[in-house]
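Following: one structure in structure tokens, then a few remarks.
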């Protein structure tokens, strides 16, 4: 796996896979367990996702160089072993 694929995979995991999984599971959980109305449930969880995106965007912005160096380090270790 090259560096660009690894960066894309980490970015997709943080910004697409985890939030979508959270949204689907949490809406289903609260709707079926606590019997809250669906519209109220969706608006609550979309607010939580907005906070998630803001938080991780700020985190990503300030730590991008560190994340980049760690991805390169992991890729170089894997290529060195093979």
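Might you check whether a residue that is within 21 Å of the chain's Cα centre (by Cα), surrounded by 10 or more Cβ atoms within 10 Å (Cβ to Cβ) and more than 18 Å from residue 4 (Cβ to Cβ) occurs anywhere in segment 63-71? Taking every residue of segment 63-71 in turn, at least one turns out to be within 21 Å of the chain's Cα centre (by Cα), surrounded by 10 or more Cβ atoms within 10 Å (Cβ to Cβ) and more than 18 Å from residue 4 (Cβ to Cβ).
Counting only residues that are farther than 23 Å from residue 67 by Cα and touching a helix residue (DSSP H, G or I) at 6+ places or on another chain (Cβ under 7 Å), segment 37-55 holds 4 of them. Are any residues in segment 1-36 in contact with a helix residue (DSSP H, G or I) (Cβ under 6 Å, 6 or more places away or on another chain) and without any contact (Cβ under 8 Å) to a residue 24 or more places away in the chain, and if so, which ones? If the condition is that a residue be in contact with a helix residue (DSSP H, G or I) (Cβ under 6 Å, 6 or more places away or on another chain) and without any contact (Cβ under 8 Å) to a residue 24 or more places away in the chain, then 26, 27, 30, 31, 36 are the ones that fit.
The sole residue among 12, 50, 28 that is assigned to a helix (DSSP H, G or I) and within 20 Å of residue 2 (Cβ to Cβ) is 12. If you go through segment 10-61 one residue at a time, how many are loosely packed, with under 10 Cβ neighbours inside 10 Å and within 27 Å of residue 75 (Cβ to Cβ)? Selection size over segment 10-61: 1.
A short reminder: the numbers here are calculations on the coordinates, not readings from a lab. The structure presented is a predicted model; accordingly, all values stated were derived computationally and were not measured. With ideal geometry, Cβ positions are generated from the backbone for all residues, glycine too; neighbour counts draw on all protein chains shown.
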